[in-house]
Amino acid sequence: KRVVHFNVTTSTNIVARQMAEEGVEEGTVIVAETQTRGKGRLGRKFITKGGGVWMSVILKPNIDPMHASSITLMAAVSVTKALRGMGLEAVIKWPNDVFVNGKKICGILTEMSAETDIVNFIILGIGVNVNNDIPLETATTMKAELGKEVSRVRFIQALLEELEEDYLTFKEKGFTPILWNWRRFSDTLGRPVEVSCQDEKIRGVAQDVDEDGSLIVKLTDGTVKKIVSGDCRHLK
Ligand code: BTN
């Protein structure tokens, strides 16, 4: 498979989308040292200075667009496995942030091109704080947690191996085995949470994720809500 490397680019997700539209092969990886327009979830900016791993993978799964979020949850599982392999106690915060010691170490942004019933391609964008400095109190890096610099090449290799394994499992056996790992690694399930979605704030206890990646929250009055997307805060 091809790995395309940039010193500087706008956003690996933007480049990957252009390449996918030009028909590039599934599995092509775009990596950049720095991005000038790093994109985060929910239209936010994502800081991507030198020293981190900023990459996008082009995937062409044969799935219903409705099930595309499975790929995002799958990626969180793969990243968690790769980080654990390097000795970090990584956990997943719904839907797909990876945390170490209560601080964010990785963010994932998937973008899709689809028609009504078929996915053309999915851009899986992954940003991991490795050796980069990070100005945020709420985030951490592999270097800070391990007390030493990490080989980014080794980490990318480990991550791509995990991704490949999980993607093959997903294609052969479906989302269920991935979801079991997601649950196992999740730090959200069982906790009181506050989820902001559109102009609503939902408070309750996170009970489960379902087959489409939605979070099931039980409110204090006993009603159960299914949240498709939003920003989740752990309350305790
Ligand atoms: C988030 O936590 O909000 C998601 C952040 C995703 C960042 C990665 S870095 C590589 C890829 N290119 C982008 O512009 N964004 C993703």
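The values are calculated or read from the model by the stated rules, or taken from the named source; none is laboratory data. In this text, all values refer to a predicted model and were calculated from it rather than measured experimentally. Note: ideal-geometry Cβ built from the backbone for every residue, glycine included; neighbour counts use all protein chains shown.
Here are some notes:
- Note on the range 76-94: residues that are assigned to a loop (DSSP other than H, G, I, E, B) and over 15 Å from the mean Cα position of the chain (by Cα) total 4.
- Residue check: residue 58 meets all listed conditions (1) within 11 Å of the ligand (Cβ to nearest atom); (2) modelled with pLDDT of 95 or more; (3) more than 17 Å from residue 153 (Cα to Cα) but one, namely (1).
- Within the range 12-23, tally of residues that are more than 9 Å from the ligand (Cβ to nearest atom) and either aromatic (Phe, Trp, Tyr) or part of a helix (DSSP H, G or I) (or both): 5
- Subset of the range 214-232 that is in contact with a Lys or Arg (Cβ under 9 Å, 6 or more places away or on another chain) and assigned to a strand (DSSP E or B) - its residue that is surrounded by the fewest Cβ atoms within 10 Å (Cβ to Cβ): 224
- Test result for residue 26, charged (D, E, K, R) and assigned to a strand (DSSP E or B): no
- Those residues of the range 159-185 which are free of Cβ contacts under 8 Å to residues at least 12 places away in the same chain, of a type outside the set (Gly, Ala, Ser) and closer than 25 Å to residue 206 by Cα, in sequence order: 177, 180, 184
- Test for residue 9: is it modelled with pLDDT of 95 or more, over 30 Å from residue 117 (Cα atoms) and near the ligand (Cβ under 10 Å from one of its atoms): yes
- Qualifying residues in the range 95-135 (those that are within 14 Å of the ligand (Cβ to nearest atom) and more than 18 Å from the chain's Cα centre (by Cα)) - the one farthest from residue 188 (Cα to Cα): 132
- Positions within the range 80-107 being in contact (Cβ under 8 Å) with a residue 60 or more places away in the chain and under 24 Å from residue 207 (Cβ atoms), in sequence order: 80, 90, 91, 92, 93, 94, 95, 99
Condition check ((1) exposed (fewer than 15 other Cβ atoms within 10 Å of the Cβ); (2) in contact with a Gly (Cβ under 7 Å, 6 or more places away or on another chain); (3) among the aliphatic types (A, V, I, L, M); (4) over 30 Å from residue 148 (Cα atoms)) across all residues:
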{"position": "17", "(1), (2), (3), (4)": "no, no, no, yes"}
{"position": "25", "(1), (2), (3), (4)": "yes, no, no, yes"}
{"position": "30", "(1), (2), (3), (4)": "no, no, yes, no"}
{"position": "46", "(1), (2), (3), (4)": "no, yes, no, no"}
{"position": "91", "(1), (2), (3), (4)": "no, no, yes, no"}
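- For the range 37-54, a tally of residues being of a type in the set (A, V, I, L, M) and either near the ligand (Cβ under 6 Å from one of its atoms) or part of a loop (DSSP other than H, G, I, E, B) (or both) returns 1.
- Residue pairs whose Cβ atoms lie under 8 Å apart, sitting 6 or more positions apart in sequence or on different chains, and linking a residue in the range 221-233 that is on the phi < 0 side of the Ramachandran plot to a partner that is acidic (Asp, Glu), are 226/210; 228/212; 232/194; 233/194.
- Checked against the criterion of being within 14 Å of the ligand (Cβ to nearest atom) and farther than 27 Å from residue 210 by Cα, the range 73-86 has no qualifying residue.
- Condition met for residue 110 (free of Cβ contacts under 8 Å to residues at least 40 places away in the same chain, in contact with a strand residue (DSSP E or B) (Cβ under 9 Å, 6 or more places away or on another chain) and polar (S, T, N, Q)): no
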